[in-house]
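Down below is the structure, laid out as structure tokens.
The values are calculated or read from the model by the stated rules, or taken from the named source; none is laboratory data. Everything numeric in this text was worked out from a predicted model, so none of it was measured. All Cβ positions, glycine included, derive from the backbone under ideal geometry; neighbour counts span all protein chains shown. SASA here: full protein model, heavy atoms, side chains in, ligands and nucleic acids out. Shrake-Rupley method; radii C 1.70, N 1.55, O 1.52, S 1.80 Å.
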Amino acid sequence: MKTIVFGLPGNEALSQSLAAILKSETGAVTVRYFPDGESYVRILSDVRQKQVILVCTLHQPDAKLLPLYFLARTARELGAAHITLVAPYLAYMRQDKQFNEGEAVTARYFADLLSGLVDKLITIDPHLHRFRHMQELYTIPAIALHAAPLLANWLKKHVPQPLLIGPDEESLQWVKEVATLAEAPYLVLTKTRLGDREVQVTQPEMAAYQKHTPVLVDDIISTARTMIETVQHLKRLTPQSPVCIGVHAVFAAGAHEELLQAGAGTIITCNTIVHLSNGITTDRLLAEAILSQV
Ligand code: R5P
């Protein structure tokens, strides 16, 4: 079956790179907004009997979802044989339970929505916490790729003696894997979240690691409060300037600058969300996952 790759606005570089790796066609699409804010979507390529790949990272998802919905519906109506959504960052994974009475469990509802729209989902390190597997949420095949080998390769090339630090229990899954692959020691801290922009992180025990470079590893950097708290501890506990690695550069307004000001020596992220901190490319990982299904 022929493959055609469409990039939603903001995803052009990744979709072109994927099409080049896959040696497939790049789809032509128009997405624009009417003066009243409604979306206009038009597919200009032939999608009949083709495997359609829609590339749309889902950072700040609310504005992206309707154009994506319209594009998927249009591709289906025009005769696409199979539609895969490549969303390197998958949103709405953190509200995975009702913390307070009356709250929407958006992880589940968002999964229902995407499951009804496309035939397959490919993503990277979704925030699986209380849900352990994608298939607990998604009714379509949903592939969760892992950036850990890419992070470990980056570390081996750039940081001679790293000590990996996970800022909370949830990060154990990433930190342990990266540390094993990079053959480095690791510590995992405990975090208490007091509000959207307020967290407390326990102090790392650094006495034995004064010559190591601390490397904070987390899946998401959003407000950066988790990393800032940890960096502030490290400033008191080691002379080495910390490296901060996040898979997904969500970065709320001002967060990247605040993390640099707090004392992060280097901030590196994967290109799952386009950001100036991107230093690790996931294109080949995604392309291999697409190839493995045909
Ligand atoms: C949640 O526990 C995640 O793994 C991250 O630690 C969290 O999303 C980071 O958020 P922030 O940058 O807002 O502290």
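Debye sum, Cα scatterers, the chain, no solvent: what log₁₀ I/I(0) at q = 0.09 1/Å?
Listed by q, the Debye log ratios stand at -0.46.
Can you list the aspartates and glutamates whose alpha carbon is less than 18 Å from that of Lys97, not counting same-chain residues fewer than 8 positions off?
Asp112, Glu136, Glu169, Glu170, Asp196
Report, to one decimal in Å, the Kirkwood hydrodynamic radius for the range 1-40 based on all distinct Cα pairs.
Here the Kirkwood hydrodynamic radius works out to 11.2 Å.
Enter the accessible area per residue of the chain (Å², integer; probe 1.4 Å; all protein chains in place).
On a per-residue basis, the chain sits at 47 Å².
Full extension from Arg284 to Glu12: what is 0.36 nm times the residue separation minus their Cα-Cα distance, to one decimal in nm?
Fully extending the segment from Arg284 to Glu12 adds 96.4 nm.
Quick query: amide H of Ile140 versus all other amide H atoms, modeled in the peptide plane; which residues come in under 5 Å with a sequence gap of 5 or more or a different chain?
Sorted by chain and number, the residues that satisfy this come to none at all.
Could you give me the ³J(HN,Hα) list for the range 160-172, computed from phi with Karplus coefficients 6.51, -1.76, 1.60 and θ = phi - 60°, whole Hz, x at Gly and Pro?
Whole-Hz 3J(HN,Hα) from phi for the range 160-172: x, 9, x, 10, 7, 10, x, x, 8, 4, 5, 6, 3.
Whole-Hz Karplus ³J(HN,Hα) for the range 90-103, in order, using 6.51 cos²θ - 1.76 cosθ + 1.60 and θ = phi - 60°, x for Gly and Pro?
9, 7, 6, 9, 8, 8, 9, 7, 7, 6, 10, 3, x, 6
Shape call for the range 148-271 from the C-alpha gyration tensor, a ≥ b ≥ c root eigenvalues: rounded (a/c under 1.5), prolate (a/b greater than b/c) or oblate? Don't skip to the answer; put the middle values down first.
On the way: a/c = 1.42, a/b = 1.22, b/c = 1.17.
Taking the square roots of the gyration eigenvalues as a ≥ b ≥ c, the range 148-271 is rounded.
Normalised by the number of residues in the range 168-247, what is the relative contact order in percent for Cα pairs under 8 Å and 6+ residues apart? Let's see the in-between values first.
Numbers: 103 pairs, mean separation 23.6, N = 80.
Normalised by residue count, the contact order of the range 168-247 is 30 percent.
Carbon-plus-sulfur fraction of the accessible area of the chain, 1.4 Å probe, in percent? Don't jump to the answer; show the numbers that get you there.
Working: 7000 of 13710 Å².
Ligands and nucleic acids excluded, carbon and sulfur give 51 percent.
Starting from the range 187-221, pick out the trypsin sites (Lys or Arg not before Pro) whose DSSP state is loop and whose Cβ has at most 11 other Cβ atoms within 10 Å.
On the way: sites: Lys191, Arg193, Arg197, Lys211; in loops: Arg197, Lys211.
Taking the range 187-221 and a limit of 11 other Cβ atoms within 10 Å, the loop trypsin sites (Lys or Arg not before Pro) found are Lys211.
Could you give the length gained by full extension between Glu25 and Gln203, i.e. 0.36 nm per residue of separation minus their alpha carbon distance, to one decimal place?
Here the answer is 59.0 nm.
Just in the range 87-193: which GluC sites (Glu not before Pro) are loop by DSSP and have at most 16 other Cβ atoms within 10 Å?
Listed in order of number, the matching sites are Glu101, Glu103, Glu183.
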